[in-house]
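One structure is given below, encoded as structure tokens.
The values are calculated or read from the model by the stated rules, or taken from the named source; none is laboratory data. Everything quoted here is computed from the prediction, not taken from an experiment. When we count neighbours, we look across all protein chains shown, and the Cβ atoms used for this are built from the backbone with ideal geometry, even at glycine. Each accessible area value is taken on the protein alone, full model and side chains, heavy atoms only, with ligands, DNA and RNA left out. Shrake-Rupley method; radii C 1.70, N 1.55, O 1.52, S 1.80 Å.
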Amino acid sequence: QVQLVESGGGLVQPGGSLRLSCAASGRIIRITDMGWYRQAPGKQRELVATITSAGSTAYADSVKGRFTISRDNAKNTVYLQMNSLKPEDTAVYYCNADRIITALGSVYDYWGQGTQVTVSS
């Protein structure tokens, strides 16, 4: 059974930093594209950043220059370094994997349970 488990969320003051992690577990052979999404109260879930298995990245305009996505393929883990945080970054952050290839087959569009990030003074 595959799991995506996020960690690293919490409460931070404006201008502060947090680093989110998302670790995939199970009999994983390879993971294709991975990404971070967020959902604020009363709003739709939105894309924050994505990264391919080769390391190519893309960002939402609202986080460019402040957030950095990275991954460690050997650890099946994706990270999101968030700097210069703003109150409008407050949301539940979700990890997503486009395709997880396991010894028993593939799973698609797989989500973690989410981690809360609150930016407030």
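Pairs are defined by a Cβ separation below 9 Å, a sequence spacing of at least 6 or placement on different chains, a first member in region 1-21 that is open to solvent by 70 Å² or more (accessible area, probe 1.4 Å), and a second member that is among the β-branched types (Val, Ile, Thr); the pairs so defined are Leu11/Val117; Leu11/Thr118; Leu11/Val119; Gln13/Val119.
Residue-by-condition table, conditions (1) touching a helix residue (DSSP H, G or I) at 6+ places or on another chain (Cβ under 9 Å); (2) open to solvent by less than 80 Å² (accessible area, probe 1.4 Å); (3) not basic (Lys, Arg):
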residue: Ala23; (1), (2), (3): yes, yes, yes
residue: Arg27; (1), (2), (3): no, no, no
residue: Ala40; (1), (2), (3): yes, yes, yes
residue: Thr57; (1), (2), (3): no, yes, yes
residue: Lys64; (1), (2), (3): no, no, no
residue: Leu80; (1), (2), (3): no, yes, yes
residue: Tyr93; (1), (2), (3): no, yes, yes
residue: Gly112; (1), (2), (3): no, yes, yes
residue: Ser120; (1), (2), (3): yes, yes, yes
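Filtering region 83-111 to residues that are closer than 16 Å to Ala40 by Cα and out of contact with any Lys or Arg (no Cβ under 6 Å at 6 or more places or on another chain) leaves Leu85, Lys86, Pro87, Glu88, Asp89, Thr90, Val92, Tyr94, Cys95. Residue under question is Asp72, and the condition is that it be touching a strand residue (DSSP E or B) at 6+ places or on another chain (Cβ under 7 Å), surrounded by fewer than 19 Cβ atoms within 10 Å (Cβ to Cβ) and free of Cβ contacts under 8 Å to residues at least 24 places away in the same chain; does it hold? When the stated conditions are applied, Asp72 does not pass them.
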